[in-house]
Amino acid sequence: MSSELTRRRLVELGVLGGAGVLAGCNPASDEPRDPEPDTDPPACPRTNTDIEGPFYVSDAPVRADLDTWDDPGLKIALSGVLTDQDCTPLAGAVIEIWQADDEGGYDNESADMRYRGQQATDAQGRYAFTTIMPGRYLNGAEYRPAHIHVKIWVDGVERLTTQLYFEGDPYNDIDAWFDPARAMAIDDHGDGTASCTYDFAL
C-alpha cells in the first residue's frame, strides 16, 4: 500500500472515528435529568382574587343575617365551606361580605352598615349568610353585574379578597372583572327566596 493511500486511509478513519465519537457522546445525556414536575392540580384549587372595589368599609358587624330591614329584593341564603388546597376544612377563619342593596347602592355612612357582615367558620369550615340579591349599578358607561364582595382572614391575616357573581346575569360577559369560576348557580325556591353555594379554598 502506498504511503499516499495509507495517509488517506488514516485520515478517513480519523474523521470517521471522530464523528463516531461525537455522535456517540452527547454530554447532555450523561447529566442527571431533573425529576418530572408535579403536574397534578391541587384537590381544591385556590380561589382566585378580584378587586376590592371602592366601597369597602372596615369593622363590619359580626352577623350572619344581613337581611334585617325588610328591603325589597330576592332573599338569598349563601353558604359554603372554606378549605385549604388539600380540601382540609379551615375552622375559625373570618369571612366578611359586603354588597349593594336592591337598587345598587352601598351603605357607606349609616350606623346600620347595611349588607355588611362577618362571621367565623365552624369546626367543619362552614359559613352561612342570609342576604338579598345585590342590585346592579353603573360603572362608567356600563352596568356591573350583581356581585358580592368577600374578604377572608386566617389567624388575623388577610388571605383573600374576591367577588362572587351569579350565573345568567346579562352583564357578566361585558364586565372587566367577571370570572365564571366564581359565578354561583341560583336555586330559586319560587317563594321570593333562593339559595346559592360557593366553596372557597386558600
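Between LEU138 and LYS75, how many nm apart are label points set 7 Å from Cα along the C-beta direction?
So the two model labels end up 3.3 nm from each other.
Would you give the gap between the C-alpha center of the range 134-202 and the C-alpha center of the range 89-117, rounded to a whole Å?
After rounding, the separation between the Cα centres reads 13 Å.
For the peptides 86-92, 117-123, 68-74, what is the packing order when you average, over each peptide's residues, the other Cβ atoms within 10 Å and list the highest mean first?
So the order, starting with the most tightly packed, is 117-123, 86-92, 68-74.
Please say if the range 125-202 is rounded, prolate or oblate, where rounded means a/c under 1.5 for a ≥ b ≥ c the square roots of the C-alpha gyration tensor eigenvalues, and otherwise the choice is prolate for a/b larger than b/c and oblate otherwise?
oblate
Quick one: dipole size for the range 58-125, taken about the Cα centre, charges +1 on Lys/Arg Cβ and -1 on Asp/Glu Cβ, in debye to the nearest 20.
220
In the range 95-202, carbon and sulfur make up what percent of the accessible area (probe 1.4 Å)?
That fraction is 45 percent.
Can you compute 3J(HN,Hα) from phi for each residue in the range 66-83, using the Karplus curve 6.51 cos²θ - 1.76 cosθ + 1.60 with θ = phi - 60°, rounded to whole Hz and x for Gly and Pro?
9, 10, 10, 10, 6, 6, x, x, 5, 7, 10, 9, 9, 8, x, 10, 10, 9
From the Cα trace of the range 36-118, what convex hull volume per residue do you get, rounded to a whole Å³?
143
Rounded to the nearest 0.05, what FRET efficiency do GLU103 and ASP179 have when you use their Cβ-Cβ distance and R0 = 25 Å?
Calculated value: 0.50.
State the extension gain, in nm to one decimal, for the chain segment bounded by THR39 and THR193, taking 0.36 nm per residue of separation less the distance between their alpha-carbons.
Taking THR39 through THR193 to full extension adds about 51.2 nm, to one decimal.
What ranking do 147-159, 126-138 get when scored by the average of other Cβ atoms within 10 Å per residue, highest first?
126-138, 147-159
What is the gain in length, in nm to one decimal, between LEU202 and ASP155 on full extension, counting 0.36 nm per residue of separation less the C-alpha to C-alpha distance?
15.6 nm
The values are calculated or read from the model by the stated rules, or taken from the named source; none is laboratory data. A quick note: this is a predicted structure, and the numbers were derived from the prediction, not measured. All Cβ positions, even for glycine, are placed from backbone atoms using ideal geometry, and neighbour counts span all protein chains on display. The area values use the complete protein model at the heavy-atom level, side chains included, leaving out ligands, DNA and RNA. Shrake-Rupley method; radii C 1.70, N 1.55, O 1.52, S 1.80 Å.
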